[in-house]
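Below is one structure, written out as structure tokens; the observations come after it.
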Amino acid sequence: MFVVVVQRLILEAIFDIFYFPVWWYTRGTMHALRWTVGLFKRGNAVLAPGLWFANLFVPMFGQYDFVGRIISFFMRSFQVFIRSIAMLFWLILCLFLFCIWLVLPVAVIYCFSFVFKTRQLK
């Protein structure tokens with residue numbers, strides 16, 4: 001019984017080692033993509049430039065006179081502009097994190113091979 005269990009554990013370990021790259025670039029990548037999209041959506045919910053844009057012509061604090069409308073328009077225009085720039089940076093950060101997911105195994109293998117090559121030269 002003990003031999004069967006050890007044999008099964010060794011076979012599973014070997015299978016997992018060979019299956020890991022396949023998983024990383026198929027199901028793992030889809031999981032990372034869903035996580036990245038969710039991260040971007042949470043950033044959009046926090047910054048909400050579309051909500052500010054939808055209320056661009058609505059006066060703030062109930063100030064329906066001409067000056068209140070002008071101040072509200074420019075203030076909200078400034079908010080839409082700044083929040084859109086922040087969303088652009090957030091998008092770039094989310095894409096960067098996703099690209100790190102894609103490049104990480106290749107970078108690790110490259111670093112291991114570099115270390116082993118330099119060790120062999122000495």
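Every read-out reported here was derived from the displayed coordinates using simple, explicitly stated rules and does not represent laboratory data. Here the structure is a predicted model, which means the values were calculated and not measured. Glycine also receives a Cβ, built like all others from the backbone with ideal geometry; neighbour counts cover every protein chain displayed.
Stretched out straight at 0.36 nm per residue, the stretch from Val22 to Val6 would grow longer than its current Cα-Cα span by 3.3 nm. Net length available on complete extension from Tyr110 to Ser84 is 5.6 nm, with 0.36 nm assigned per residue and the Cα-Cα distance removed. Computed over region 23-121, the percent of Cα pairs more than 22 Å apart is 55. Between the listed residues Thr118, Tyr25, Ile71, the Cα displaced farthest toward the positive end of the dipole of region 12-122, a dipole computed from Cβ unit charges relative to the Cα centre, is found at Thr118.
What do you get for chymotrypsin sites (Phe, Trp or Tyr not before Pro) in region 9-78 restricted to DSSP loop and a cutoff of at most 10 other Cβ within 10 Å of the site's Cβ? Within region 9-78, the qualifying chymotrypsin sites (Phe, Trp or Tyr not before Pro) (loop, at most 10 other Cβ atoms within 10 Å) are Phe57, Tyr64.
Spatially, region 51-117 and region 1-41 are offset by 33 Å when compared through their Cα centroids. Note on the chain: with charges restricted to the Cβ of Lys and Arg (+1) and Asp and Glu (-1), its dipole about the Cα centre is near 220 debye.
Taking the Kirkwood radius as Rh and the Cα radius of gyration as Rg, region 1-58 has a ratio of Rg/Rh equal to 1.50.
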